[in-house]
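Student: Below is the structure I would like to discuss, written out as structure tokens.
The values are calculated or read from the model by the stated rules, or taken from the named source; none is laboratory data. Keep in mind that what you see is a predicted model, and the values were worked out from it rather than measured. Backbone-built Cβ (ideal geometry, glycine too); neighbour counts: all protein chains shown. Remember, those area values only see protein heavy atoms, side chains included, never the ligands or the DNA or RNA. Shrake-Rupley method; radii C 1.70, N 1.55, O 1.52, S 1.80 Å.
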Amino acid sequence: MAAPVPLRSDFDAEGLRALAKVLRDPAQTRRMLALSAIYAGGSRSAAAALGGVGLQTVRDWVVAFNAQGPDGLIGGKAPGARPRLDAERRAALRSLVEQGPLPAAHGVVRWRLVDLAQILFEDHGVSVSEQTRSRVLRAMGYAKLSARPRHHAQDPDAIPAFKKPFPARLAEIAQATGGKPIEIWFSDEARVGQKNTITRRWAKRGTRPSAPKDQRTASAYIFGAICPARGAGAGLVMPRCTTEAMSLHLEEIASAVAPGAHAVLLLDQAGWHTTRNLVVPANITLLPLPARSPELNPVENLWQFVRDNWLGNRVFTTYADILDHCRDAWRNLIDQPWRIMSIGLRTWAHRS
């Protein structure tokens, strides 16, 4: 029989019991009381009975206590089984997600959990459940997110080339207007009609929720503009997108600009935005955005919010009904300046 491992000599039974009284870890307290019985002259079998364990476990406690003192008796979490997705396979999974699928090679245009599972099995010989794959991806910082639209013919250098000199452009405009305070505004139009959008909604798994969908084509346009820094906005509901309608919208924006300030209005290069026939008020300077770059305009995100919360899933019985709902939706937005700030502020445009 192997000789028992002796306990370290800088503790005694009385000291261990006193220390056990102030500890908050029940498992650590039980182990210290068992070892105090050995310090008091008891047998290892008596200590095992006191701790409710076997002799080998008592020996492990003694080794841990000798090495680390009372901290060695703190209960640790069992390591469990070795994960099937080790560091190498997680790196491969991360690479797959970052690169995305090749439709010609993988047969899909977006990854599903089942697709990733098949590739992991074929290339690495590991099979894991859908729940495990989802948990691992989330732990790695991934989630299912709505993709931001990008025009297929967009110049990749156009957006950086627009953002970089933007502060200098504002400074030039401020100088040209006699040093007036500059407000940054964004403008865009949204078509709202009887052939309306259907939004996502909460429903039980396995069901297919429904929403009313009209097939008629009567429509109107919301001309909307926001100043994210102030949480302000100006809008009109018009029957068509024309130069005359845009001129009226510019008048509305001009009346919403703070007194004594000058507005720099960023907008896309639609024909009714760039025509020479457009009447531009004196307190507004138009600054066209790069072509095919809707992601630079936060009003695009506002339209999505407005449709999801106030305009989607509706059937408009008449044209007047469309106008009424458009006006109500825009007024609801103007009544929430914090929403305009949250959705509209952009670091590249509003940094000091």
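Student: Based on the Cβ-Cβ distance of Glu251 and Ala229, what FRET efficiency does E = 1/(1 + (r/R0)^6) give at R0 = 30 Å, to the nearest 0.05? The partial results should precede the final answer.
Tutor: Numbers: r = 21 Å, r/R0 = 0.72.
Result of the calculation: an efficiency of 0.90.
Student: Let me ask something else. Taking the Cα centre of the range 120-238 as origin, work out the dipole magnitude from +1 charges on Lys and Arg Cβ and -1 charges on Asp and Glu Cβ, in debye rounded to 20.
Tutor: Details: 20 positive and 10 negative charges, 145 e Å.
So the magnitude is around 700 debye.
Student: Right, here's the next one. With both partners inside the range 222-299, how many of the DSSP beta bridges are antiparallel, as a percent to the nearest 5? List each step's numbers first, then the result.
Tutor: Details: 6 of 11 bridges.
The antiparallel proportion sits near 55 percent.
Student: How much mean residue ellipticity at 222 nm does the chain get from its helices, if each DSSP H run of length 4 or more adds -39500 (n - 2.57) and you divide by all residues, to the nearest 500 deg cm²/dmol?
Tutor: Working: 16 runs with 156 residues, N = 352.
Counting only the DSSP helices, I get -13000 deg cm²/dmol.
Student: Hey, another quick one. If you line up the Cα atoms of the range 1-96 on their principal axes, what length do they span on each, largest first, in Å?
Tutor: If we take the Cα atoms of the range 1-96, the spans are 62, 36, 23 Å.
Student: List every residue whose amide H lies under 5 Å from the amide H of Thr285, counting only residues 5 or more places away in sequence or on a different chain, with H placed 1.01 Å from N in the peptide plane.
Tutor: Residues meeting the criterion, in which the H sits 1.01 Å from N, are Ala263, Val264, Leu265.
Student: Let me ask another. Grab the beta carbon distance between Arg201 and Lys21, set R0 = 35 Å, and tell me the FRET efficiency rounded to 0.05. List each step's numbers first, then the result.
Tutor: Working: r = 58 Å, r/R0 = 1.65.
The pair Arg201/Lys21 has a calculated efficiency of 0.05.
Student: How many percent of DSSP beta bridges within the chain run antiparallel, rounded to 5? It would help to have the intermediate numbers written out before the result.
Tutor: Numbers: 15 of 25 bridges.
Given both bridge residues lie in the chain, the antiparallel proportion sits at roughly 60 percent.
Student: Pull up all non-local amide H partners of Ala232: gap of 5 or more, or a different chain, and H-to-H distance under 5 Å with H placed in the peptide plane.
Tutor: Under 5 Å from the amide H of Ala232: Cys227.
Student: What's the whole-number percent of alpha carbon pairs in the range 212-352 lying beyond 27 angstrom? Walk me through the intermediate numbers first.
Tutor: Working: 2130 of 9870 pairs.
Value for the range 212-352 (Cα pairs over 27 Å): 22 percent.
Student: Here's a follow-up. Using a Gaussian network model on the chain with a 10 Å cutoff between Cα atoms, which of Ile284, Ile119, Ile173 fluctuates the most?
Tutor: Of Ile284, Ile119, Ile173, the most mobile in the Gaussian network model is Ile119.
Student: Quick check: at a probe of 1.4 Å, how many percent of the accessible area of the chain sits on carbon and sulfur atoms? List each step's numbers first, then the result.
Tutor: Values: 11110 of 21230 Å².
Whole-percent figure for carbon plus sulfur exposure: 52.
Student: May I pose another question? For a quick check, take a GNM of the chain with Cα springs below 10 Å and name the residue from His273, His124, His249 with the largest mean-square fluctuation.
Tutor: Top of the fluctuation ranking is His124.
Student: So what are the radius of gyration and Dmax for the Cα set of the range 50-105, in Å?
Tutor: For the range 50-105, the Cα radius of gyration and maximum Cα-Cα distance read 22.0, 67 Å.
Student: Related question: Which value in nm describes the separation of the simple spin-label points at Leu286 and Glu88, placed 7 Å from the Cα toward the beta carbon?
Tutor: According to this spin-label approximation, the distance is 6.1 nm.
Student: Sticking with this structure for a sec: With springs only between Cα atoms under 10 Å, which of Ala203, Ala48, Ala261 fluctuates most in a Gaussian network model of the chain?
Tutor: Result for the chain, Cα springs under 10 Å: Ala48 fluctuates most.
Student: By per-residue mean of other Cβ atoms within 10 Å, what is the highest-first order of 20-33, 224-237? Mind dumping the intermediate values first?
Tutor: On the way: 20-33: 15.5, 224-237: 22.4.
Going from most to least packed, we get 224-237, 20-33.
Student: Count charges around Asp214 for me, please; just the other residues with Cβ under 13 Å from its Cβ, Lys/Arg as +1, Asp/Glu as -1. Write out the running numbers ahead of the final one.
Tutor: Values: positive: Lys195, Lys213, Arg216, Arg314; negative: Asp321.
Every neighbour counted, the sum reads +3.
Student: Run the dipole for the range 23-99 about the Cα centre, Lys and Arg Cβ at +1, Asp and Glu Cβ at -1, nothing else charged, and hand back the magnitude in debye, nearest 20. Mind showing how you got there, number by number?
Tutor: Numbers: 11 positive and 6 negative charges, 34 e Å.
For the range 23-99, the charge dipole is close to 160 debye.
Student: Let me check I've understood the local charge: for Gln194, count other residues with C-beta under 12 angstrom from its C-beta, Lys and Arg +1, Asp and Glu -1. What total comes out?
Tutor: Working: positive: Arg191, Lys195, Lys213, Arg216, Arg314; negative: Asp214, Asp321.
That works out to +3.
Student: Once the Cα gyration tensor of the range 54-196 is found, what semi-axes does its equivalent ellipsoid get, as square roots of 5 times the eigenvalues, in whole Å, sorted largest first? Present the calculation step by step, with values, prior to reporting the outcome.
Tutor: Numbers: eigenvalues 583, 172, 49 Å².
For the range 54-196, the ellipsoid semi-axes come out as 54, 29, 16 Å.
Student: Next question, about the same structure. What share of Cα pairs, in percent, lie more than 26 angstrom apart in the chain? Could you put the intermediate results ahead of the total?
Tutor: Details: 42600 of 61776 pairs.
Result: 69 percent of Cα pairs exceed 26 Å.
Student: Now, a different point. Which three lengths, in whole Å and largest first, does the range 268-346 cover when its Cα atoms are put on their principal axes?
Tutor: 38, 30, 27
Student: Under a crude label model (7 Å from the Cα following the beta-carbon direction), how far is Arg110 from Arg216 in nanometres?
Tutor: Roughly 3.3 nm, to one decimal.
Student: A further question on this structure: Computed from the mean reciprocal separation of all distinct C-alpha pairs, what Kirkwood hydrodynamic radius does the range 156-208 have, in Å?
Tutor: Working: mean 1/r = 0.0616 Å⁻¹.
Value: 16.2 Å, from the Cα pair sum.
Student: Give the aspartates and glutamates whose C-alpha is closer than 17 Å to that of Lys144, dropping any in the same chain fewer than 8 places away, or say none.
Tutor: Glu98, Asp115, Glu130
Student: A further question follows. In debye, nearest 20: dipole of the chain around its Cα centre with unit charges on the Cβ of K, R (+) and D, E (-)?
Tutor: Details: 46 positive and 31 negative charges, 221 e Å.
Charge dipole, the chain, about its Cα centre: 1060 debye, nearest 20.
Student: Which of Asn297, Tyr319, Gln131 sits farthest toward the positive end of the charge dipole of the chain, with +1 on the Cβ of Lys and Arg and -1 on the Cβ of Asp and Glu?
Tutor: Of the listed residues, the answer is Gln131.
Student: Please give, to one decimal in nm, the separation of the simple spin-label points placed at Thr317 and Asn332, each 7 Å out from Cα toward the Cβ.
Tutor: Between Thr317 and Asn332, the simple spin-label model gives 1.9 nm.
Student: So, by mean Cβ neighbours within 10 angstrom, what's the order for 99-110, 160-171 with the highest one leading? Before the final figure, lay out the partial values.
Tutor: Working: 99-110: 10.7, 160-171: 12.9.
Packing proxy ranking, top to bottom: 160-171, 99-110.
Student: How large is the accessible surface per residue of the chain, computed with a 1.4 Å probe and reported in Å² as a whole number?
Tutor: On the way: 21230 Å² over 352 residues.
Averaged over the residues of the chain, the accessible area is 60 Å².
Student: Could you state the number of Å between the C-alpha centres of the range 61-134 and the range 190-223?
Tutor: With the range 190-223 and the range 61-134 each reduced to a Cα centre, they are spaced 40 Å.
Student: Given a cut-off of under 8 Å on Cα pairs at least six residues apart, what relative contact order in percent is computed for the chain? Could you put the intermediate results ahead of the total?
Tutor: Values: 442 pairs, mean separation 50.9, N = 352.
Here the relative contact order equals 14 percent.
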